[in-house]
Amino acid sequence: MEYITLINDYLWTWLVIPLLVCCALWFTYKLGAFQFRHIGMMIRQLTESNKTAKKPAEEGSISSFHAFVVSLASRIGTGNLAGVASAIFVGGPGAVFWMWIMALLGSATAFAESTLAQYYKVKVKGAYIGGPAYYMYYGLHKRWLGVIFSICMIITFAMANQIMQSNQISASLSDTVGVSSLSVAIVLAAMIGIIILGGIHRIAKVSSYIVPFMAVAYLILAVYVIISNITLIPDVLYTIVSSAFGVQQAAGGAIGITIAQGVKRGLFSNEAGEGSAPNAAATAETSHPVKQGLVQALGVFTDTLVVCTCTAVIILLSGVYQSSDADGIILTTRALETHVGPWARYFVSAAIFFFAFSSIIGNYYYGETSVRFLTPHRRYMWVFRGITVATVIVGGLMSLDDVWAIIDLCMCSIVLLNIYSILRLSPKVSKLWENYNEQKQKGLDPEYHKDMIPEDANDVKSWQ
């Protein structure tokens, strides 16, 4: 893995991070910094989509709210508990600051990719599907690029990310109750197999129950810890900011490590620009592509600025990260134990199980969408499902360092392909944003029809 780590360091330092930052700044500029000016609009759109979710949707489709929940299920996972811990362990407290910055800017990227996914979605057997592979095909007219992206997507989400989720569930339960990692992985794989056989509707239903429950329970405990240590919060914030700019150097001795860890672990958690969430965004039944873009942008804020920050505060308040050699979920567990006692390990084990379990479900759907883009034959879907179950088992047996090395390399491929594509299609994003705002200014509930941008009529397969 040493060579993979060296390759990762080079690619992230000189290519991936600069591109992510430039792309986020570009869409922030093109869209008038909407993520800072229209947070209320995002929240209202989510509220409206939740009301729609209670009404019967068109057969084969899911609501905008359920699509948001599926993508949030993938976002809220081990990245929020284990990823934040690893970022602090390797890059110091300042890594959290760079996670915040990338979330604030990256929400514009998330908006762009999800809006494009809605715009170029297609209907297959009564259900909408879409994502980067589809806007590469129909928007850029490069099917070959969509094929490459789909293959990379399958490797990243159906294999690498699944290994991480399984790895941290197994590590947590093994540390808490002494069960072997292999036993945990086998039971987990069986549970996942049962769920994924039900398709996107079962995935959406399961996620809509699990995600709110696990997020609320974890946030309640985090708020308790914060209130109990309220006088120390200014010191924690100062530590984060000062470390980010080198006043207190990262463990690795270089501010570059701090930035890299913040960006990499932030991306693993919120997925802004990675090209994963658009696969869920495309499945929604909504009246305008921009509506789902707004909802997905809010998901980035929810993931990083709320859930990841809670984990960071818990760890930094404990001080455990300064003296412990624990990494990942074990570090988070040790930190929480210092605040609420030994029972915290059982709570964290339950939390990481639900977080990671829902992420495995969401990640599976991203891979399924890619398989469908590559081939219509169902026998390949069964092969893919078998691979998903197998990788869940493998994940329980690997070391955390090896898992992070594999994930970082896989993320490079899909980020580079996706960023290239959405930058090329940025004029479409701008036109859709203008169309949406023109209707809003007239007091209308925005609706899109394919004749509103006539030059795209042949490329857009939905929106009759």
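Structure notes:
- Two-decimal Rg to Rh for the chain - Kirkwood Rh, Cα set: 0.95
- When the Cα positions of Gly139, Phe355, Ile39 are compared along the charge dipole of the chain, Gly139 comes out farthest toward the positive end, with charges on each C-beta of Lys, Arg, Asp and Glu.
- Counting protein heavy atoms only, segment 72-190 has 72 percent of its accessible area on carbon and sulfur, 1.4 angstrom probe.
- The chain: angle of helix 344-374 to the longest principal axis, Cα-based, in degrees nearest 10: 30 degrees
- Relative contact order (percent, whole number), segment 304-433, Cα cutoff 8 Å, 6+ residue spacing: 12 percent
- For segment 449-455, 3J(HN,Hα) per residue [Karplus equation, 6.51 cos²θ - 1.76 cosθ + 1.60, θ = phi - 60°, Hz, x = Gly/Pro]: 10, 4, 7, 6, 10, x, 5
- Student exercise, the chain dipole from Lys, Arg, Asp, Glu Cβ charges, in Debye to nearest 20: 1220 debye
- Relative contact order, percent, the chain [alpha-carbon distance under 8 Å, six or more residues apart]: 34 percent
- Residue-normalised accessible area of the chain, expressed per residue, 1.4 Å probe, Å²: 38 Å²
- Computed about the Cα centre, the dipole magnitude for segment 360-447 is approximately 420 debye when only Lys and Arg (+1) and Asp and Glu (-1) carry charge, each at its Cβ.
- For segment 385-452, with all protein chains in place and a probe radius of 1.4 Å, 57% of the accessible heavy-atom surface sits on carbon or sulfur.
- Which of Ser318, Ser287, Gly273, positive extreme of dipole for the chain (C-beta unit charges): Ser287
- Percent carbon-and-sulfur accessible area, segment 251-345, ignoring ligands, DNA and RNA, probe 1.4 Å: 56 percent
- Using θ = phi - 60° in the Karplus curve 6.51 cos²θ - 1.76 cosθ + 1.60, the 3J(HN,Hα) couplings for segment 422-435 round to 6, 5, 5, 9, 4, x, 5, 4, 4, 5, 5, 5, 5, 4 Hz; x is entered for Gly and Pro.
The values are calculated or read from the model by the stated rules, or taken from the named source; none is laboratory data. Note that the structure is a prediction, hence the values are computed from the model and not measured. Cβ sites come from the backbone with ideal geometry, for glycine too, and all protein chains shown count toward neighbours. Ligands, DNA and RNA are stripped out before the accessible areas are found, and what is left, the full protein with its side chains, is counted by its heavy atoms. Shrake-Rupley method; radii C 1.70, N 1.55, O 1.52, S 1.80 Å.
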